[in-house]
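Before any comments, here is the structure.
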Amino acid sequence: MAAKVFFSVSMSLDGFIAPESPDELMGQQWMELQRWVFRQRFFRENLKLGEGGEEGRDNDIVRETFERTGASVMGKRMFDAGEGAWPEDPPFHTPVFVVTHEEREPWERQGGTTFFFVNDGIESALDQAREAAGENDVRIAGGGETIVQYLNAALIDEFHVALSPVLFGSGIRLFDGVHAGEVALDLVRAEPSPSTTHLHYTVHRR
């Protein structure tokens, strides 16, 4: 099968995936949004957060998402928010292509993560990520604006949303600015768990 381009995010019940201000990342609302994933054994081991953690379908989904990803693409806002927060061994362990207007040399980190800065558009970033990923899939890591750019360009094959039982009220909406009349979705499966509901979709043009 051909490699896929996908995204996988946690979303509040009212449609938000992050607070408005990067300063609020790791705050109470964001931690409630991501609570389900921080509990998983694979996530804890990958970020070296210590032993223990839950095992089950939630943990399997976290592990499967990581294992299918051969390269990631993210926007500059997401990179800026994470640059000072990620450990020396970031959680990606793959090449990461940052869509930006900034010219910057690659930033190599521990564990196989190298950030490459692409300033000639989203398609160029994806082409480079596909080449780096080989037979594996490419994950559009975020943030919301970057995901929507790829959706509107018909470059997303499928996605997974973990619908968390939390309300934000404001922040970064996942589908803000999407060309809804041009994007059609098919629900592949829905998997409820005690902590979240996993929704898996494929994407095609109307």
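The values are calculated or read from the model by the stated rules, or taken from the named source; none is laboratory data. What you are looking at is a predicted structure, and each value in this text was computed from that prediction instead of being measured. Cβ atoms come from the backbone with ideal geometry, glycine included; neighbour counts cover every protein chain shown. Note: areas computed on protein heavy atoms with side chains; ligands, DNA, RNA excluded. Shrake-Rupley method; radii C 1.70, N 1.55, O 1.52, S 1.80 Å.
Worth pointing out:
- Taking the numbered list (1) modelled with pLDDT under 90; (2) part of a strand (DSSP E or B) in turn, residue 73 passes all entries but (1).
- The residues on offer are 66, 97, and the sole one that is within 24 Å of residue 198 (Cβ to Cβ) and of a type outside the set (Ser, Thr, Tyr) is 66.
- Residues that are in a helix (DSSP H, G or I) and open to solvent by less than 50 Å² (accessible area, probe 1.4 Å) were ranked within the range 113-131; the one that is farthest from residue 10 (Cα to Cα) is 124.
- With respect to the conditions (1) outside any strand (DSSP E or B); (2) open to solvent by less than 30 Å² (accessible area, probe 1.4 Å); (3) within 23 Å of residue 163 (Cβ to Cβ), residue 79 falls short on a single one, namely (3).
- Close pairs from the range 90-106: first on the phi > 0 side of the Ramachandran plot, partner open to solvent by less than 70 Å² (accessible area, probe 1.4 Å) and of a type in the set (Gly, Ala, Ser), Cβ under 7 Å, at least 6 apart: 93/111; 93/112
- Residues in the range 96-112 that are polar (S, T, N, Q) and open to solvent by 30 Å² or more (accessible area, probe 1.4 Å): 110 only.
- Remark: residue 169 falls outside the filter, which requires a residue to be touching a residue at least 24 places away in the same chain (Cβ under 8 Å), under 21 Å from residue 68 (Cα atoms) and surrounded by fewer than 16 Cβ atoms within 10 Å (Cβ to Cβ).
- The lone exception for residue 52 - which of (1) within 30 Å of residue 131 (Cα to Cα); (2) open to solvent by less than 50 Å² (accessible area, probe 1.4 Å); (3) without any contact (Cβ under 8 Å) to a residue 12 or more places away in the chain it fails: (1)
- From the list 44, 63, the one residue that fits, being open to solvent by 20 Å² or more (accessible area, probe 1.4 Å), in contact with a helix residue (DSSP H, G or I) (Cβ under 7 Å, 6 or more places away or on another chain) and part of a helix (DSSP H, G or I), is 63.
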